[in-house]
Amino acid sequence: MGLYSLITGVRGPSGFGSASTAEEVTQWIDATHLTAIITGGTGGIGMETARVMAKRGAHVVIGARNMGAAENAKTEILRQNANARVTLLHLDLSSFRSIKAFVRDFHALHLPLNILINNAGVMFCPYQLSEDGIELQFATNHIGHFLLTNLLLDTMKNTAKTSGVEGRILNLSSIAHIYTYQEGIQFNSINDICSYSDKKAYGQSKLANILHANELSRQLQEKGVNITVNSVHPGLILTNLFQHTAVLMRFLKFFSFYLWKNRPQGAATTCYVALHPSLKEVTGKYFADCNEVTPSKLARDETLAQKLWDFSVKLINYVSKKNYLGFEDTS
């Protein structure tokens, strides 16, 4: 699947391609027995993913930073499908406190957890630190989802074991993972303002999404856990993610309109990997246009993936102890 396939919409081995929509790739799938968490499901492809998942019967839990936008999203989903099951919980992925509160609130619902879609993100931000003192794009796009996934993992394991239904975890990455710092991840200078590039920092966080998925997949396979972990590139979609470069992106889209997708197309790969039965037991892979593709050499580096995992654990533990957040016994 390359540029030709993207432009023409030609279908790949899966039977789907860049022009396929989220509804098309999930047609006839019954998800009424599934509970899914989607981060950032209040707009763009996140909302479209939530809408289609709910249309297929899944109980969708949306983690959202802006609860007003979340209420609007829920209202729209229910307007189109009065039987939709949608639950809203506050979640700010740049804040360890918020992530811990979200997990506590989710557990209070006493729901199973079959699918976790790590969709939310920020893009091309001017340099800034999160409330925990971590560069914002790395904090939100990778560390936040890394912590969230770890805190929810036992629930997913228990659900998969008791139900016999395969659990699925998805990280939304991007083709931008190829445009990162030379070493891939700047372990020794994550917060360095002098070397900061908003584009490379974004690419670094998207590379981290793939490496995280690959390493978690390896660990779960090693332990025989019935959960798959994959990463996806949704494609180019003009959403609020481009808020820091909206004028530039609209200009570029005018001259490269054939490379861009609409939101139903942008959500297709996520919904395909989350729900399609043909992907049973498929794990540690990277998908674009609803087909498995090969990511960059850095994204396939197992040593780098393990190094990132260890770095992420140490960073979370350091911040948690420093701020007395109490993650030592729960992460």
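With a 1.4 Å probe and every protein chain kept in, tell me what percent of the accessible surface of the chain is carbon plus sulfur.
Roughly 52 percent, rounded to a whole number.
Restricting the calculation to Cα positions, tell me the Rg (one decimal) and the Dmax (whole number) of segment 31-109 in Å.
Rg then Dmax for segment 31-109, in Å: 11.9, 34.
Sequence-distant or interchain residues sharing an amide H contact under 5 Å with V293, placed H: which?
Those qualifying (amide H under 5 Å, at least 5 residues apart or on another chain) are Y286, F287, A288.
Separation between the K223 and H90 pseudo-spin-labels, each 7 Å from Cα along Cα→Cβ, expressed in nm?
3.1
Given Cα positions, please report Rg to Rh for segment 123-238, the hydrodynamic radius being the Kirkwood one.
Ratio of gyration radius to Kirkwood radius for segment 123-238: 1.03.
For segment 69-143, which chymotrypsin sites (Phe, Trp or Tyr not before Pro) are in a loop by DSSP, counting at most 15 other Cβ atoms within 10 Å?
Those satisfying the criteria are Y127.
Report, largest value first, the span of the C-alpha coordinates of the chain along each principal axis, in whole Å.
49, 49, 41
Which loop-located GluC sites (Glu not before Pro) does segment 258-304 contain, where loop means any DSSP state but H, G, I, E or B and the Cβ has at most 14 other Cβ atoms within 10 Å?
E281
Rounded, prolate or oblate, given the Cα gyration tensor of segment 39-172, with a/c below 1.5 counting as rounded?
oblate
Just the number, please: percent antiparallel of the DSSP beta bridges in segment 3-329, rounded to the nearest 5.
Around 15 percent of the beta bridges assigned by DSSP in segment 3-329 are antiparallel ones.
Can you compute the charge dipole magnitude of the chain about its Cα centre, using +1 on each Lys and Arg Cβ and -1 on each Asp and Glu Cβ, nothing else charged? Give it in debye, rounded to the nearest 20. Walk me through the intermediate numbers first.
Numbers: 31 positive and 26 negative charges, 84 e Å.
That gives a dipole near 400 debye.
Might you tell me the accessible area per residue for segment 3-329, computed with a 1.4 Å probe and given in Å²? Please report the intermediate quantities before stating the final value.
Details: 14410 Å² over 327 residues.
Computed with neighbouring chains in place, this is 44 Å² per residue.
Over all pairs of distinct alpha carbons, what does the Kirkwood formula give as the hydrodynamic radius of segment 156-198, in Å?
Values: mean 1/r = 0.0718 Å⁻¹.
This gives a value of 13.9 Å.
Given R₀ = 22 Å, what would the calculated FRET efficiency be for H33 paired with T75, taking r from the Cβ atoms and rounding to 0.05?
After rounding, the FRET efficiency stands at 0.30.
By the scheme Lys and Arg +1, Asp and Glu -1, what is the net charge of all other residues having a beta-carbon under 12 Å from that of T49? Please list the in-between numbers first.
On the way: positive: R51, K55, R56, R263; negative: E23, E48.
Net charge in that neighbourhood comes out at +2.
Considering the Cα positions of segment 15-76, please state its Rg to one decimal place and its Dmax as a whole number of Å.
12.1, 38
Before rounding to the nearest 500, sum -39500 (n - 2.57) across all DSSP H runs of length at least 4 in the chain and divide by the residue total; then give [θ] at 222 nm in deg cm²/dmol. All intermediate terms of the calculation are to be shown ahead of the outcome.
Numbers: 11 runs with 137 residues, N = 331.
Roughly -13000 deg cm²/dmol at 222 nm, from the helical runs in the chain.
Name the long-range amide H neighbours of S95: under 5 Å, sequence gap of 5 or more, or other chain; modelled H, no Pro or chain starts.
Residues meeting the criterion, in which the H sits 1.01 Å from N, do not exist here.
The values are calculated or read from the model by the stated rules, or taken from the named source; none is laboratory data. What you see is a predicted model; the values in this text were computed from it and never measured. Cβ coordinates were reconstructed from backbone atoms using ideal geometry, including for glycine residues, and neighbour counts include every protein chain displayed. Just so you know, the surface numbers come from the protein's heavy atoms only, side chains and all, with ligands and any DNA or RNA stripped out. Shrake-Rupley method; radii C 1.70, N 1.55, O 1.52, S 1.80 Å.
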